[in-house]
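Asker: One structure, as structure tokens, below. Some questions next.
The values are calculated or read from the model by the stated rules, or taken from the named source; none is laboratory data. These figures come from a predicted structure and were not determined experimentally. When we count neighbours, we look across all protein chains shown, and the Cβ atoms used for this are built from the backbone with ideal geometry, even at glycine. Surface accessibility is based on the protein's heavy atoms, side chains included, excluding ligands, DNA and RNA. Shrake-Rupley method; radii C 1.70, N 1.55, O 1.52, S 1.80 Å.
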Amino acid sequence: MSRNFNFSAGPAALPEAVLRRARAELLDWNGHGASVMEMSHRGEAFQELARRSEADLRTLLDIPDDYAVLFLQGGASQQFSQIPMNLAAGGGSADYVLTGHWGRKAADQAGRVCQVRIAASSGEDGYLSIPPPATWQLDPDAAYLHLTPNETIHGVEFHQLPDIGPVPLVADMSSTLLSRPLDVRRHGLIYACAQKNIGPSGLVLVIVRRELLARSPDTLPDIFRYDRHAAQGSMLNTPPTWSWYLAACVFQWLLEQGGLAVMATLNQAKAGHLYAAIDGSGGFYRNRVEPAARSWMNVPFQLHDDRLDSVFLAEAAAESLIGLKGHRVVGGMRASLYNAVPMAAVQALTRFMAGFMRRHG
Ligand SMILES: *Cc1c(COP(=O)(O)O)cnc(C)c1O
């Protein structure tokens, strides 16, 4: 068996230790004589897993008690609609700051549910920066303000959260949650699909300030209502038990690594190593994102001649480096450096990039 160095943007690499544990527990989980995905979510064994996983996540992110943690389905895309359905039902509009493709999609979908205002956008420059917060046209009466702290496709990340006043901040953290410590208290709602930095697809985490649960309107069917999911411990219906179990394993793995401050140091070092290789290539490789907004998690880069793209991908694959094809929206390459991608993988990539440049430069 040989595992590749996997830079996929999502579904993405999982920690090898977690996969080994899942394999060991697949036929017989904790002496139950069945796998976790073959047991009732209402049984004591799964209830215990659910409690412990929530407690571990609360420890990792220092989530205060006045926030509910929901383990839902439907991916981040369902949240694009579910957020305004729950938080903007009282009328009024929602503000969106656009720094890439996903924020644009979130705003488009929310526009079917409520009135949407674009408070700021870096779309004019092709989403290569974060509009200076002083220029944001914020509505003090907005139902909420939506940001995408890490734009997975454009590789644009907020490294500081601007002060936005009392309007609840809603953050799509799909590709950055758990990559570093976070001040949950500054957010009204945080959401993240699992398949980037948390676990397999099928699960989406929602961390929401409890007072916002009161906004869910009675006209909304239960399955879309945050307050109903919170009241039922995310077991309003059958949750994605296998994905939840793997996410729980990832939380334990992160605690064993020393928590999110340790991951942040590692992630910053990994990204720094790759950006240095790109910037030091004399223009053979290029990343056009404004340096202060460069993502630690997703590093898009272009080759100076895009006719080399397919050669690059083929030669990389031959050296066990996979998942490097850029998103079609921006083209070129993209290396995603989530928690499960070790420094050794990034070093293998930069060695390969240097060799490729010598051969084709
Ligand atoms: C991947 C991603 C999404 C879409 O997630 P789905 O679970 O496929 O709906 C949304 N937002 C961001 C920032 C993402 O990285």
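Asker: Enter the accessible area per residue of the chain (Å², integer; probe 1.4 Å; all protein chains in place).
Answerer: Heavy-atom accessible area per residue stands at 42 Å².
Asker: What does the charge dipole of segment 215-329 about its Cα centre add up to, to the nearest 20 debye, if the Cβ of each Lys and Arg holds +1 and the Cβ of each Asp and Glu holds -1?
Answerer: My answer is approximately 200 debye.
Asker: Please go through segment 49-97 and write out the trypsin sites (Lys or Arg not before Pro) that DSSP classes as loop and that have at most 16 other C-beta atoms within 10 Å.
Answerer: Taking segment 49-97 and a limit of 16 other Cβ atoms within 10 Å, no loop trypsin sites (Lys or Arg not before Pro) are found.
Asker: Which listed residue (His101, Ser201, Ile130) has the Cα farthest towards the positive end of the charge dipole for segment 98-237, taking +1 on Lys and Arg C-beta and -1 on Asp and Glu C-beta about the Cα centre?
Answerer: Value: Ser201.
Asker: Looking at segment 136-279, send over the antiparallel percent of its DSSP beta bridges, to the nearest 5.
Answerer: DSSP beta bridges in segment 136-279 are roughly 55 percent antiparallel.
Asker: What do you reckon, how do Arg307, Arg351 stack up by accessible area (1.4 Å probe), largest on top?
Answerer: Arg307, Arg351
Asker: Can you list, largest first and rounded to whole Å, the semi-axes you get for segment 1-158 by taking the square root of 5 times each eigenvalue of its Cα gyration tensor?
Answerer: Ellipsoid half-lengths, sorted descending, are 37, 22, 14 Å.
Asker: Right, next: Explain nothing, just the number: dipole magnitude of the chain about its Cα centre with +1 on each Lys and Arg Cβ and -1 on each Asp and Glu Cβ, in debye rounded to the nearest 20. The partial results should precede the final answer.
Answerer: Working: 32 positive and 34 negative charges, 149 e Å.
Value, rounded to 20: 720 debye.
Asker: Now for a separate question. Could you tell me how many cubic angstrom of Cα convex hull volume segment 165-205 has per residue?
Answerer: Expressed per residue, the convex hull around the Cα atoms of segment 165-205 is 61 Å³.
Asker: Based solely on its DSSP helices, what 222 nm [θ] is calculated for the chain when runs of n ≥ 4 H residues each add -39,500 (n - 2.57) and the sum is averaged over all residues, nearest 500 deg cm²/dmol?
Answerer: On the way: 9 runs with 122 residues, N = 361.
Here the helix-only value at 222 nm equals -11000 deg cm²/dmol.
Asker: Can you return the lysines within cross-link range of Lys325? Criterion is Cα-Cα under 20 Å, with same-chain partners fewer than 8 residues away left out.
Answerer: Answer for Lys325, where 20 Å is the Cα cut-off: Lys196, Lys270, listed by chain and number.
Asker: Positive end of the charge dipole of segment 1-108 (Lys, Arg +1 and Asp, Glu -1 on Cβ, about the Cα centre): tell me which of Ile63, Ser77, Met39 has its Cα farthest that way.
Answerer: Projecting each Cα onto the dipole axis, the largest value belongs to Ser77.
Asker: When all C-alpha to C-alpha distances in segment 3-55 are sorted into bins of 5 Å, what percent of pairs does each bin hold, rounded to whole numbers?
Answerer: Values per bin, smallest distances first: 4, 16, 19, 21, 17, 12, 8, 2.
Asker: Continuing with the same structure: Would you mind getting the Kirkwood hydrodynamic radius of the chain from its Cα pairs, rounded to one decimal in Å?
Answerer: Computed over the chain, the radius equals 21.3 Å.
Asker: Something else: Rounded to the nearest percent, how much of the accessible area of segment 258-360 (1.4 Å probe, protein heavy atoms only) is carbon and sulfur?
Answerer: 55 percent
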